[in-house]
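Right, one structure below, let's go through it.
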Amino acid sequence: MRNVAIRGVLLSAALVLGACGSKTACFALSDEDAAAKVAGEYAKLPASQKGDARQMQFSATRVVGVGRNSSTKGDGKGLIQVWFMQDDHTVTVATLTEDCQLQFRPGLDPAAVKQAAIPVHAPNF
């Protein structure tokens, strides 16, 4: 179990991506577009960076919640969190910043969705 936690931390640190050119390209994405952006960017990764397939599955049908912080466009603080249910009954949160930096945190207990610091709502697709 410890190895899984260590891999999750290493994976979340290793999967920070710069996906867009604009500093605000991902600021106002809809829930559906944010989920598609996460899935698309993850699909582009080489297999060596994708981690455990049971904890890293991304599609609109797996989204169990979306959270947004309150910020002003261009302040560099905007982010969207998309929460995905996985085959192993854990949750992976993908955090997408307004400048399209992407980070994954796999292996979370499903209760984490309700305990998130940023309020999470059901996806609006």
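How much accessible area per residue does region 31-75 have, counting only protein heavy atoms and a probe of 1.4 Å, in square angstrom?
That works out to 54 Å² per residue.
To the nearest 0.05, what FRET efficiency results for residue 89 and residue 124 with a Förster distance of 30 Å applied to their C-beta separation?
About 0.80, to the nearest 0.05.
Among residues other than residue 74 whose Cβ falls under 9 Å from its Cβ, what is the net charge (Lys/Arg +1, Asp/Glu -1)?
0
Grab the beta carbon distance between residue 73 and residue 49, set R0 = 30 Å, and tell me the FRET efficiency rounded to 0.05.
It comes out at approximately 0.50.
For region 28-124, which whole percent of the accessible surface, found with a 1.4 angstrom probe, sits on carbon and sulfur atoms?
Answer for region 28-124 is 50 percent, counting heavy atoms of protein chains only.
The values are calculated or read from the model by the stated rules, or taken from the named source; none is laboratory data. If you're wondering where the values come from, they're calculated on a predicted model, not measured in any experiment. Heads up, the Cβs are rebuilt from the backbone with ideal geometry, glycines too, and the neighbour counts pull from every protein chain shown. Heads up: the accessible areas ignore ligands, DNA and RNA and are worked out on the full protein's heavy atoms, side chains in. Shrake-Rupley method; radii C 1.70, N 1.55, O 1.52, S 1.80 Å.
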